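Just below is one structure, and these are the notes that go with it.
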Ligand code: CAA
């Protein structure tokens, strides 16, 4: 099945990043976002990110050489491939849908059941979930063989991989079509089983959690922990700064799932839980382990 047009449900950080890379790759994109303010904010951010990509020499459109005028022209061309709407029924003719709404199971189940009602029976419904069971999402539809995980990484335009996640019911055809779409979007696809946290979050979240525990126990301050991990392990950023980028609420919710499904070694650090309760969610709220 050749994919020329996709729909993305949700225009938060991940949804707008997915829409951007799809449009940059030449696909037509429908993006469904119910909040008007989020739609407007995302339109501006997608445009800014495309211009930044052109100036960095990573996005080419219109044959320019990266000047500000080239960046604006490329942003016009690429943005024109994205249609913004608040109406999920507009996804009716789409063969491939990527859901990227907030990480709440009841919300995702509702979106999957609505998409199942409006999309053609042959359409593939993918979820960008980082922790919710794909098999449970698949069971909210009448096409469990055509439900799959497509887990992108933040910031989507800069991060190379995508985890293609098999639910217990996902067919081989669905996995292959999803892998080809990820590659068409310029990403490197890795196929994994739908076990809790898949691969990246299962390995990454204990690192972030342990860094928070070290801070909580007073082993060192945040700058020291991050500085050591960055330079000592050659990571692009320290685990606490990365937690701020991902969102502390997202980290805690993934840790809760891992704790519930895989045991005590994933029990979230009390400091992380306290910070989320205090509204310190990281970059998106202006404060986490650092101020922004
Ligand atoms: N499109 C494409 N590429 C772009 C771009 C755009 N719009 N804007 C910038 N770039 C390119 C830059 O040209 C640069 O490329 P090179 O490395 O080839 O020079 C690269 O992206 C990095 O850009 P910058 O130099 O501006 O930024 P940086 O060097 O400070 O790196 C970073 C920023 C990529 C975020 C880096 O710090 C990093 O990799 N951090 C770790 C991020 C990470 O681990 N993310 C995963 C989180 S886990 C997750 O998301 C899953 C989950 O479920 C929670």
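The values are calculated or read from the model by the stated rules, or taken from the named source; none is laboratory data. Remember, predicted model here, so these are calculated numbers, not experimental data. When we count neighbours, we look across all protein chains shown, and the Cβ atoms used for this are built from the backbone with ideal geometry, even at glycine.
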- [ ] Kindly check whether there is at least one residue in the stretch 212-225 that is closer than 25 Å to residue 102 by Cα, outside the structural domain of residue 155 (by TED's automatic domain parsing) and buried (at least 22 other Cβ atoms within 10 Å of the Cβ).
- [x] yes
Open item on the list: Residue under question is residue 205, and the condition is that it be within 11 Å of the ligand (Cβ to nearest atom), exposed (fewer than 15 other Cβ atoms within 10 Å of the Cβ) and either not in a strand (DSSP E or B) or not assigned by TED's automatic domain parsing to the domain that holds residue 12 (or both); does it hold?
Closed with: no
Open item on the list: Among the listed residues 132, 164, identify the single one that is modelled with pLDDT under 95, under 16 Å from the mean Cα position of the chain (by Cα) and either within 30 Å of residue 237 (Cα to Cα) or buried (at least 18 other Cβ atoms within 10 Å of the Cβ) (or both).
Closed with: 132
- [ ] Look through the stretch 267-284, keep the residues that are touching a residue at least 60 places away in the same chain (Cβ under 8 Å) and under 25 Å from residue 218 (Cβ atoms), and return whichever of them is nearest to the ligand (Cβ to nearest atom).
- [x] 272
Open item on the list: Against the conditions (1) closer than 18 Å to residue 220 by Cα; (2) surrounded by fewer than 15 Cβ atoms within 10 Å (Cβ to Cβ), where does residue 264 fall short? Just the number, please.
Closed with: (1)
TODO: Answer yes if at least one residue in the stretch 164-171 is away from the ligand (no atom under 13 Å from the Cβ), closer than 30 Å to residue 244 by Cβ and in the same structural domain as residue 101 (by TED's automatic domain parsing), and no otherwise.
DONE: yes
- [ ] Scan the stretch 239-260 for residues that are touching a helix residue (DSSP H, G or I) at 6+ places or on another chain (Cβ under 8 Å), more than 10 Å from the ligand (Cβ to nearest atom) and touching a residue at least 12 places away in the same chain (Cβ under 8 Å) and report the count.
- [x] 7
